[in-house]
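To start, the structure itself, in structure tokens.
Every read-out reported here was derived from the displayed coordinates using simple, explicitly stated rules and does not represent laboratory data. Here the structure is a predicted model, which means the values were calculated and not measured. Because the Cβ atoms are built from the backbone with ideal geometry, glycine has one as well, and the counts that use them run over all protein chains shown.
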Amino acid sequence: MRGWKRIVLVLIVAGVGWAGQKYGWFKGDAAKTTTTERTPEPTPAPQPRTQPKTATGASEIDKAFRAKRSGVWLEEEGTVVKLLRDDMKGSKHQQWLLRLESGLTVKFAHNIDLAPYLKTLAEGDRIQFRGRYEYNIKGGVVHWTHHDPQGRQEGGWIDHDGKRYK
């Protein structure tokens, strides 16, 4: 190797070694932190995409969401804000996002193997429903919006355009 190439190579290796030690790229004794490094800030907990805007008139879903409760049967109403692709794997589900009066948005998974498909459902439509709420950080999911095929419990339903789907 010529002289200048050797110098450049030595500088690169030395720079990588220094940076690796400073930023912990290598494990072992060479990766010990120095006293000039700052301890990283803790990562904040993930926030849901939508949260209730006010506590006034909090619905049962709002209460379950704040308490991180699942398996809650409830009757509510809201506005369809987005139609999602149907889930055709396993039990088939028609899916959409519904916004409650409080501003909380929940996902719906309506089992179309057990209940009729809502053919005329569109964004902006108001629906009333009975279903089972399951908590997640994004706002939660409502399912069991259909009859109980084994007849052990009341089951759920959806009222849309003057028709009850169950």
Filter on 68/166; 68/163; 63/138 - keep pairs with C-alpha separation over 25 Å: 68/166; 68/163
q = 0.21, 0.33 Å⁻¹, segment 123-166: log10 I(q)/I(0) [Debye, one scatterer per Cα]: -0.76, -1.08
Around residue 153: net Lys/Arg minus Asp/Glu count, Cβ-Cβ under 12 Å: +1
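Where a ≥ b ≥ c are the square roots of the eigenvalues of the C-alpha gyration tensor, would you call segment 59-158 rounded, which needs a/c under 1.5, or, failing that, prolate if a/b is larger than b/c, or oblate?
Here segment 59-158 falls in the oblate category.
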Aspartates and glutamates whose Cα lies under 19 Å from that of residue 89, excluding same-chain neighbours fewer than 8 positions away: 113
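Let's test the formula: R0 of 30 Å, r as the Cβ-Cβ distance of residue 66 and residue 123. What FRET efficiency results, to the nearest 0.05?
0.65
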